[in-house]
Amino acid sequence: MKNILNQLYQYKKLSKPEAKQILIKIARGAFNEAHLASFMTVFMMRPITVDELAGFREALLELAIKVDLSEYNTIDIVGTGGDGKDTFNISTITSFVVAGTGQKVAKHGNYSVSSKSGSSDMLQSFGYEFTNNEATLRSHLEKANICFLHAPKFHPAMKAVGPTRKALALKTFFNMLGPLVNPSSPQNLMLGTFNLEIARLYNYILQDEKSQYGIIHGLDGYDEISLTSGFKLFTKSGEQLINPEDNGLERISQSEIYGGNSVEDAAKIFKNIIEGKGTKAQNSVVLANAAYALKIIDKNLTFEEAYNTAEGSLLGGKASQCLHKLITNCSS
């Protein structure tokens, strides 16, 4: 690692094969914590390249425990995290809303590193038991239209960097990798990024793959559609700038989508929204994200059609039923 770090400190870039091999060595515990921290810090000090990110991704997917859910035409709705906005768990609630419309969701997630509550923190607080058993995950999809893939259960390689990431408590390139390494390889992806550069990297990496995708970057730094500003949307068809008003929605303030100071706070907000008791602002944000997820699955849907379908799921209790089935029926 010393030689690698010296090269990187001299502003040299890694090729895709080099990046892949380094991450494989990291996964095997070949480097100490100080070297790992230094390595991660390099990519906080300068932009990561397409080849570097693609190489890291290839290594994680190669080392991952795979599950085959291809018959279900699943979607993953996930952000990089690390946007520092302390919102409620928008992508997680959105996933249940989409599941409530009848679509199959294979949600990939993890504990929070740089925010109060990640998707894994949330589901664990409700009593969900993480699993990497393919038959169990299939059963969850059949019964609840959603299954949850807790990243550490599928990416043993991440164990080697867990303590260092936790100690740093900062967004690293591993935040960038999370949305790209769902071990079930969903056919549809809605990915959020905390900056525009990463959105473009994702677009370069995914544009030649079979999956349908939408990559979202809020212009004020959110890794999801926040309705606090416009957002960039990247798909295979190109790049768009979309403002809330373009979809007939009102702009909201950051304080209206605050997620609380703890997992307990976040869980209370989550349950309130998914039970149909959210504020207008909270509901609008969730439904806007769900609408775009539905449009990724079915390109022929208009935004209004998708939004109305999502609204029926949230306010009609279907999203809440999916959560209940996942937590109660699937763990019994």
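How many angstrom lie between the C-alpha centres of the stretch 78-149 and the stretch 157-219?
15
Fully extended, how many nm does the chain gain between SER253 and ILE327 (0.36 nm per residue separation, minus their Cα-Cα distance)?
23.4 nm
Which lysines, on any chain, are close to LYS236 with Cα under 20 Å apart, when same-chain ones fewer than 8 places away are left out?
The qualifying lysines are LYS210, LYS295, LYS299.
Tell me which residues come under 5 Å, amide H to amide H, from GLY192 once H is placed; ignore anything under 5 positions away on its chain.
Amide H to amide H, under 5 Å and 5 or more residues apart or across chains, GLY192 pairs with VAL78, GLY79, THR80, ILE216.
Per the helix-only calculation at 222 nm, which mean residue ellipticity applies to the chain, given -39500 (n - 2.57) for every DSSP H run of n ≥ 4 and division by its residues, nearest 500 deg cm²/dmol? List each step's numbers first, then the result.
Values: 15 runs with 151 residues, N = 332.
My calculation for the chain gives -13500 deg cm²/dmol from helical runs alone.
Given Cβ point charges of +1 (Lys, Arg) and -1 (Asp, Glu) and nothing else, what value in debye, to the nearest 20, does the dipole of the chain about its Cα centre take?
Values: 34 positive and 33 negative charges, 186 e Å.
I would put it at about 900 debye.
May I ask you to evaluate 6.51 cos²θ - 1.76 cosθ + 1.60, the Karplus curve with θ = phi - 60°, for each residue of the stretch 17-33 and list the ³J(HN,Hα) values in order in whole Hz, giving x for glycine and proline?
x, 5, 4, 4, 5, 5, 5, 5, 5, 4, 4, 8, x, 6, 10, 7, 5
Which three numbers, in whole Å and largest first, are the semi-axes of the equivalent ellipsoid of the chain derived from its Cα gyration tensor as √(5λ)?
On the way: eigenvalues 193, 95, 72 Å².
Its equivalent ellipsoid spans semi-axes of 31, 22, 19 Å.
What distance in nm separates the simple spin-label points at LYS25 and GLU275, each placed 7 Å from Cα in the Cβ direction?
5.3
How many nm separate the modelled label positions at LEU5 and ASP220, each set 7 Å beyond the Cα in the direction of the Cβ?
Here the modelled spin labels are 4.0 nm apart.
Tabulate in residue order the Karplus-calculated ³J(HN,Hα) for the stretch 244-251, using 6.51 cos²θ - 1.76 cosθ + 1.60 with θ = phi - 60°, rounded to whole Hz; enter x for Gly and Pro.
Using θ = phi - 60°, the values come out as x, 5, 4, 9, x, 10, 8, 6 Hz.
Considering only DSSP beta bridges where both residues belong to the chain, give the percentage that are antiparallel (nearest 5).
Numbers: 10 of 26 bridges.
The antiparallel proportion sits near 40 percent.
All of the numbers you see were taken from the coordinates with simple rules; none came from a lab. The structure presented is a predicted model; accordingly, all values stated were derived computationally and were not measured. So basically every Cβ, Gly included, is an ideal-geometry build from the backbone, and we count neighbours across all protein chains shown.
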